[in-house]
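Novice: Questions regarding the structure given below will be posed in turn.
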Amino acid sequence: MPRKWSIIYKRSVEIIIYIMVLAICIFHDAIYSPDTPSYINANIFRSPGYPIFVRIIKVISQDYFNFFIVLIQTSLGLFAVYTFSSIVQRTFRLNFLLRIFLILLLIFPFLAPLQVANNISSEGLSYPLYLFFLSLSLNFLFLKKNTHFFYLIICSILLALTRGQFLILPVVLAIVYFLKNKAIIFNRAYFIKFIILLVVPLGSILLDKSYHKIKDGLFISTPFTYINATASALYISTPEDANSFENKDTKIIFKDCYAFISKNKWLLSSEDRINNVEDYEHFHKNLGKICNLTLHERGTTYYLNQNKTIVEARYLVEKTAKNMFFTLVTNNFKEWIRLFYSNLIHGFKHHLVLFFILSITILSAVYTFKSANKYVYILLFLSALILSNALVVAFASHSIMRYLFYNYSLFFLILVSIFKFIKDVRKN
């Protein structure tokens with residue numbers, strides 16, 4: 001086939017895929033999940049990124065909001081898929097079939113069960129932003145697109161303000177950047193970029209607090225991190241833990257939550273189970289009830305009864321949860337670490353997959369001192385992204401597809417990188 005017709009054919013295949021996905025999403029209604037009202041109403045426990053995004057579309061589209069939110073999220077997402085797949089092709093020198101396979105992996109979240117473009121939830125914005133972050137990072141690290149550094153920083157901040165689980169991404173990138181340029185990292189231009197990457201999370205936190213100061217009147221971070229994380233600590237708690245709390249409010253809320261969880265048999269000690277896997281499955285099934293129905297709602301009610309405003313109550317519950325978390329984990333560390341590990345394994349589906357990613361991270365980090373091959377740094381970057389996100393999710397919540405799907409395509413790219421690295425080594 002002549003080169004001209006080959007290019008037309010390949011582009012046509014891609015365009016057909018994008019049109020099909022766009023049509024599928026548009027001809028399905030917008031999905032209002034249980035989380036949707038809290039984003040539309042910009043509740044205090046929601047990070048600012050997506051509520052602002054929704055508010056802008058709502059003001060512009062008026063009565064056609066449902067159609068336009070799906071159209072915009074789908075279009076933005078598909079543009080991000082195209083951008084990322086194009087940069088990956090240049091970075092990895094992928095052939096046509098591998099690029100199409102990558103695109104199919106990247107459009108998976110647009111389809112059931114996730115349907116990120118139809119769901120009025122933060123994933124509709126965070127997924128495109130994450131792909132843009134990956135694209136800009138690859139440009140910055142491997143294609144020497146230093147002019148994109150500013151856009152990379154902006155994208156990192158927007159992503160963190162949309163989903164807090166991505167707050168540490170610039171730090172991961174900074175470590176890879178440091179190792180890749182270790183011989184010249186203290187040159188002014190390189191060192192400044194390294195420091196900027198390290199402080200980006202602090203800038204994101206400051207912007208988050210400023211948003212809540214303007215909207216809610218309190219200079220605070222979005223209050224839900226420890227409410228989520230404390231669910232696991234409550235699950236493994238015992239009634240004797242109440243004696244460890246010096247703060248009166250914390251002690252009262254813990255006793256109330258413990259009694260409610262115990263009554264409903266949502267505790268680790270509620271029944272004997274065969275192994276850690278069954279313990280985690282029980283926790284996984286009941287986390288929402290422990291976190292939202294118990295700690296969040298009952299804690300909020302407690303502070304409302306203390307004549308606090310709803311904004312103050314939500315903040316104080318987060319503060320109480322933070323106090324509760326460290327005490328409960330310290331008192332029951334053995335049980336908590338087992339649950340955390342089972343949570344981590346659940347996200348990877350099998351412990352061998354976790355050990356594979358962990359091994360790739362460690363070996364590639366060591367190899368950066370022996371080899372300048374770009375695939376070593378790509379392996380380090382991709383595996384560190386997967387591992388860091390899995391650790392954050394396992395710490396803060398339960399390992400479900402909704403929080404982990406962002407990195408599914410990276411497993412494929414890791415396999416490609418290993419193959420490319422071996423091929424380069426054999427050449428030399």
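The values are calculated or read from the model by the stated rules, or taken from the named source; none is laboratory data. Note that this is a predicted model, so its numbers are computed, not measured. Using ideal geometry, Cβ is built from the backbone for each residue, glycine included, and neighbour counts are taken over all protein chains shown.
Novice: Given 251, 209, 213, which one is part of a helix (DSSP H, G or I), in contact with a Ser or Thr (Cβ under 8 Å, 6 or more places away or on another chain) and without any contact (Cβ under 8 Å) to a residue 40 or more places away in the chain?
Specialist: One residue alone meets the criteria, 209.
Novice: How many residues are of a type outside the set (A, V, I, L, M, F, W, C) and either surrounded by fewer than 16 Cβ atoms within 10 Å (Cβ to Cβ) or without any contact (Cβ under 8 Å) to a residue 12 or more places away in the chain (or both) if we restrict to the stretch 44-58?
Specialist: So the count comes out to 2.
Novice: Within the stretch 177-196, count every residue that is farther than 16 Å from residue 147 by Cα and either in contact with an Asp or Glu (Cβ under 9 Å, 6 or more places away or on another chain) or of a type in the set (Ser, Thr, Tyr) (or both).
Specialist: Selection size over the stretch 177-196: 0.
Novice: Could we say that residue 47 is in the same structural domain as residue 161 (by TED's automatic domain parsing), in a loop (DSSP other than H, G, I, E, B) and touching a Leu at 6+ places or on another chain (Cβ under 7 Å) here?
Specialist: In short, yes.
Novice: Can you work out which of the residues in the stretch 222-244 that are buried (at least 19 other Cβ atoms within 10 Å of the Cβ) and more than 21 Å from residue 282 (Cα to Cα) is modelled with the highest pLDDT?
Specialist: So, considering only residues that are buried (at least 19 other Cβ atoms within 10 Å of the Cβ) and more than 21 Å from residue 282 (Cα to Cα), the one modelled with the highest pLDDT is 241.
Novice: Among what's in the stretch 50-102 and is within 20 Å of residue 32 (Cβ to Cβ) and of a type in the set (Phe, Trp, Tyr), pick the residue that is farthest from the chain's Cα centre (by Cα).
Specialist: Ranking the candidates gives 64 first.
Novice: Something else about it: Residues that are of a type in the set (Phe, Trp, Tyr) and either over 28 Å from residue 92 (Cα atoms) or touching a Cys at 6+ places or on another chain (Cβ under 8 Å) (or both), at least 3 per element: which helices (runs of 4 or more DSSP H) completely within the stretch 265-378 meet that?
Specialist: Counting at least 3 such residues, we get 310-331, 333-348.
Novice: OK, next. Being of a type outside the set (A, V, I, L, M, F, W, C), crowded, with 21+ Cβ neighbours inside 10 Å and at pLDDT 95 or above is true for just one of 208, 249. Which residue is that?
Specialist: Going through 208, 249 in turn, just one is of a type outside the set (A, V, I, L, M, F, W, C), crowded, with 21+ Cβ neighbours inside 10 Å and at pLDDT 95 or above: 208.
Novice: Based on this model, can you work out whether residue 33 counts as closer than 30 Å to residue 315 by Cβ, outside any helix (DSSP H, G or I), of a type in the set (S, T, N, Q) and not assigned by TED's automatic domain parsing to the domain that holds residue 309?
Specialist: Yes: the conditions hold for residue 33.
Yes/no matrix, rows are residues, columns are (1) surrounded by fewer than 20 Cβ atoms within 10 Å (Cβ to Cβ); (2) not charged (D, E, K, R):
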| site | (1), (2) |
| --- | --- |
| 95 | yes, yes |
| 100 | yes, yes |
| 135 | no, yes |
| 144 | yes, no |
| 156 | no, yes |
| 160 | no, yes |
| 172 | yes, yes |
| 181 | yes, yes |
| 188 | yes, no |
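Novice: Residue check, residue 370 against (1) surrounded by fewer than 17 Cβ atoms within 10 Å (Cβ to Cβ); (2) within 25 Å of residue 297 (Cβ to Cβ), all met but one. Which one?
Specialist: Status for residue 370: all satisfied but (2).
Novice: So the check is Cβ under 6 Å with 6+ separation or different chains; which pairs have a first residue in the stretch 258-270 that's loosely packed, with under 14 Cβ neighbours inside 10 Å and a second one that's in a loop (DSSP other than H, G, I, E, B) and not hydroxyl-bearing (Ser, Thr, Tyr)?
Specialist: none
Novice: Oh, and also: Considering 360, 386, 345, which residue is farther than 26 Å from residue 233 by Cβ, touching a helix residue (DSSP H, G or I) at 6+ places or on another chain (Cβ under 9 Å) and crowded, with 20+ Cβ neighbours inside 10 Å?
Specialist: On inspection, the qualifying residue turns out to be 360.
Novice: Have a look at 78, 125 and point out the one that is farther than 30 Å from residue 6 by Cβ and surrounded by 18 or more Cβ atoms within 10 Å (Cβ to Cβ).
Specialist: 125
Novice: Among the residues that make up the stretch 15-28, is at least one of them exposed (fewer than 14 other Cβ atoms within 10 Å of the Cβ), of a type outside the set (Val, Ile, Thr), over 21 Å from the mean Cα position of the chain (by Cα) and part of a helix (DSSP H, G or I)?
Specialist: Within the stretch 15-28 (the criterion being exposed (fewer than 14 other Cβ atoms within 10 Å of the Cβ), of a type outside the set (Val, Ile, Thr), over 21 Å from the mean Cα position of the chain (by Cα) and part of a helix (DSSP H, G or I)), the answer is yes, since at least one residue qualifies.
Novice: If you don't mind, there's one more thing I want to ask. Checking the conditions here, which among 302, 280 is aromatic (Phe, Trp, Tyr), touching a residue at least 60 places away in the same chain (Cβ under 8 Å) and surrounded by 14 or more Cβ atoms within 10 Å (Cβ to Cβ)?
Specialist: 280
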